[in-house]
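Here is the structure we will look at, set down as structure tokens.
The values are calculated or read from the model by the stated rules, or taken from the named source; none is laboratory data. Every value quoted in this text rests on a predicted model; they were computed, and no experiment measured them. As a convention, Cβ positions derive from the backbone with ideal geometry for all residues, glycine included, and neighbour counts pool all protein chains shown. SASA here: full protein model, heavy atoms, side chains in, ligands and nucleic acids out. Shrake-Rupley method; radii C 1.70, N 1.55, O 1.52, S 1.80 Å.
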Amino acid sequence: MPITLKASYFSANSPNSSSFHEDSLIEISDNGQITNIIHQTASEYSERLSAARQHDHLITLAPGHFLLPGFIDLHNHAPQWPQAGIALDRPLADWLNHYTFPLEARYADLDFATPVYQDLVTEMLANGTTTALYFGTIHNSANLRLAEICSQAGQRAFIGSVAMDNPDQTPDYYRDASPEEAINKTQTFVQAIQDTYRNGFIQPVITPRFIPSCTTETLQQLGQLAQSQHITVQTHCSESDWEHDYVRERYGHTDSEMLQSFGLLNQHSVLAHATQLTTTDQSIIKTEQAAIAHCPISNAYFGNGILPAHELLNQGIKIGLGSDIAGGYTPSLYANLQQAVTASQIRQDGVDATIAVDQRGVANSRISAKQAFYMATVGGATSLGIQAGAIESGLLADFQIVQAPPRFASLTPDEQLEQLLFRHTKHQIKAVYVQGKLVHEKEHNWYE
């Protein structure tokens, strides 16, 4: 049934600007698309409001409640949810080998995988994340169960069956036995998702874990598959000193250069972390129209550097936000956008007080709350090529209904947006819509 939301809302227009509209009418079709937005100043406002009431299509937000676009998580390791917050003081290689790989190996057991994935997807929706790009495991049965759970819960999902077959960097109990197995498993998963979810709500993703975990043959064949299928690719790219240096020692080139040579870097690619990019790497990524998943919380633990988000945005490189469960300890993109702003200020100011002030930090590195909001919404949607991320006619109706903090009304719209983003708790998210369908509701008092 079509609905009309009467709501005040915020939406990003560009990296540096956002809009606010009060008590607008947002008309949503049966298929979950925003068909029209009528602002209070429009001549037809009263007529459309009366029509919505007459047909019992009207939902009016209660005072103190606002509409935001649903957030888009560009990097999430779904199977790592049980280890969120654990061993973040360990080096990346140790963290992977002693914690992550043993955990992911357990997903051969669907009785273990199912409740974990159900809990994660429920928690992400409760945090306002309406679309997610997931790494699965090497186990296709569990990857398909994740797809099923996302579909049933109403979260739009891009899911990858992880390819990892390099015996030098992966344990014998958790790896693909050969390049043939890695490729066949990926092809089987892609076909199963495409056959089951024909509407595109759940999509398959080609997923080499990262260059260190894959043989050259597997990377080459995955690149060929990506070019022939024209579907999303996700991987880690220059995510730490160790990983960046490993690739240069192995191939004599950087991650970006090698991903490009393998055919894994194109307009459908999402590269996680990217804290160690060279200027040449940045140019390659821009030329190939690939996207970066900025994971600021995880980067603080494993990134060995701060992503130059301001510089990348100014170059027109696509950037969204990722939670990187479990390198990041929370699925909240609110927490990650807050950290993105904080990290950018640390990058600008520097960290060593013994260095002269004029020699500290990197000038012009700070990003604003608006830029972080853009990355969590429009940036993620642009990176995935989906018609979402903003509240505009023609886009999908993915929304969060959030309750404002006290003394909110006295602020300007820009100040209101900042408080919604920074004085946030999960409990302020009262309801979540994905493609016009109510998929999460904390309580009923968000509407009149």
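In the list Leu49, Leu74, which residue meets the criterion of being part of a helix (DSSP H, G or I) and surrounded by 17 or more Cβ atoms within 10 Å (Cβ to Cβ)? Show your work before the answer.
Details: Leu74 fails: part of a helix (DSSP H, G or I).
Unique residue meeting the criteria: Leu49.
Here is a yes/no grid of residues against (1) in a helix (DSSP H, G or I); (2) under 18 Å from the mean Cα position of the chain (by Cα):
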| residue | (1), (2) |
| --- | --- |
| Leu133 | no, yes |
| Ala147 | yes, yes |
| Ser161 | no, yes |
| Asp172 | no, no |
| Arg175 | no, no |
| Ile193 | yes, no |
| Asn199 | no, no |
Checklist entry - Can you name the residue in the range 213-271 that is more than 19 Å from Phe135 (Cα to Cα) and among the small types (Gly, Ala, Ser) and is also surrounded by the most Cβ atoms within 10 Å (Cβ to Cβ) among such residues? => result Ser256
Checklist entry - Which condition number does Cys150 fail, the rest of (1) within 24 Å of Ala397 (Cβ to Cβ); (2) touching a residue at least 60 places away in the same chain (Cβ under 8 Å) being met? => result (2)
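Do you know which residues across the range 364-384 are of a type in the set (Gly, Ala, Ser), under 18 Å from Lys286 (Cα atoms) and open to solvent by 10 Å² or more (accessible area, probe 1.4 Å)?
First pass over the range 364-384, keeping only residues of a type in the set (Gly, Ala, Ser): 365, 368-369, 372, 376, 379-381, 383.
From the residues that got through so far, the ones that are under 18 Å from Lys286 (Cα atoms) too are 379-381, 383.
Hits for the range 364-384: nothing passes.
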Checklist outcome for this item: Of (1) open to solvent by 20 Å² or more (accessible area, probe 1.4 Å); (2) out of contact with any strand residue (DSSP E or B) (no Cβ under 6 Å at 6 or more places or on another chain), Gly436 satisfies every one except (2)
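For the condition in contact (Cβ under 8 Å) with a residue 12 or more places away in the chain, open to solvent by 30 Å² or more (accessible area, probe 1.4 Å), of a type in the set (A, V, I, L, M) and over 30 Å from Met164 (Cα atoms), what is the one hit in Ile28, Ile59? Walk me through it before giving the result.
Numbers: Ile28 fails: open to solvent by 30 Å² or more (accessible area, probe 1.4 Å).
Selected residue: Ile59, the only one of Ile28, Ile59 that is in contact (Cβ under 8 Å) with a residue 12 or more places away in the chain, open to solvent by 30 Å² or more (accessible area, probe 1.4 Å), of a type in the set (A, V, I, L, M) and over 30 Å from Met164 (Cα atoms).
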Checklist outcome for this item: Selection from the range 207-236 of residues closer than 24 Å to Ile193 by Cβ and not in a helix (DSSP H, G or I) yields Thr207, Pro208, Arg209, Phe210, Cys214, His230, Ile231, Thr232, Val233, Gln234, Thr235, His236
